[in-house]
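Reviewing the structure listed below.
Since every read-out is calculated from the coordinates, none of them should be taken as a lab result. In this text the structure is predicted, and so the values were computed from the model without any measurement. Note: ideal-geometry Cβ built from the backbone for every residue, glycine included; neighbour counts use all protein chains shown.
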Amino acid sequence: MSEETCQFCGRPAIKTSKGYSLCRYHILAYESLETGFKTWRERMGEMVWTNYLRRVSELPDTGEWVKDIARAELQKLES
Ligand SMILES: [Zn+2]
């Protein structure tokens, strides 16, 4: 378990969250993805998580770390 690595970038994983092994950078990315979702919903009204993820993964100004998470989450939901 101590040898666990981040499934996105191979850096040492700090923790496992919702089935992902995440390094410190991808933990931050995950948190900003969730924060962004809340903000988006407050602004736009109802927003479905899947649609949000799709939007985010296509926006040019989304950080690569965040896109990694968004794409993985989409894959998980669509499989
Ligand atoms: Zn990582």
Problem set entry | region 18-75, residues that are farther than 30 Å from GLU3 by Cβ and not in a helix (DSSP H, G or I) | GLY45, GLU46, MET47, VAL48, LEU59, PRO60, ASP61, THR62
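Of the residues in region 17-58, how many are away from the ligand (no atom under 16 Å from the Cβ) and of a type in the set (A, V, I, L, M, F, W, C)? Walk me through how you get there before you give the answer.
Applying the first criterion (away from the ligand (no atom under 16 Å from the Cβ)) to region 17-58 yields 34-58.
In the following step, the residues that additionally are of a type in the set (A, V, I, L, M, F, W, C) were identified as 37, 40, 44, 47-49, 53, 56.
Total meeting the criteria: 8.
Away from the ligand (no atom under 15 Å from the Cβ), among the basic types (Lys, Arg) and in contact (Cβ under 8 Å) with a residue 12 or more places away in the chain, is that true of LYS76? Before the answer, list the steps.
Values: away from the ligand (no atom under 15 Å from the Cβ): yes; among the basic types (Lys, Arg): yes; in contact (Cβ under 8 Å) with a residue 12 or more places away in the chain: yes.
It is true that LYS76 is away from the ligand (no atom under 15 Å from the Cβ), among the basic types (Lys, Arg) and in contact (Cβ under 8 Å) with a residue 12 or more places away in the chain.
Answer yes or no: is there a residue in region 3-10 that is in contact with a helix residue (DSSP H, G or I) (Cβ under 6 Å, 6 or more places away or on another chain), surrounded by 14 or more Cβ atoms within 10 Å (Cβ to Cβ) and part of a helix (DSSP H, G or I).
The answer is no; no qualifying residue exists.
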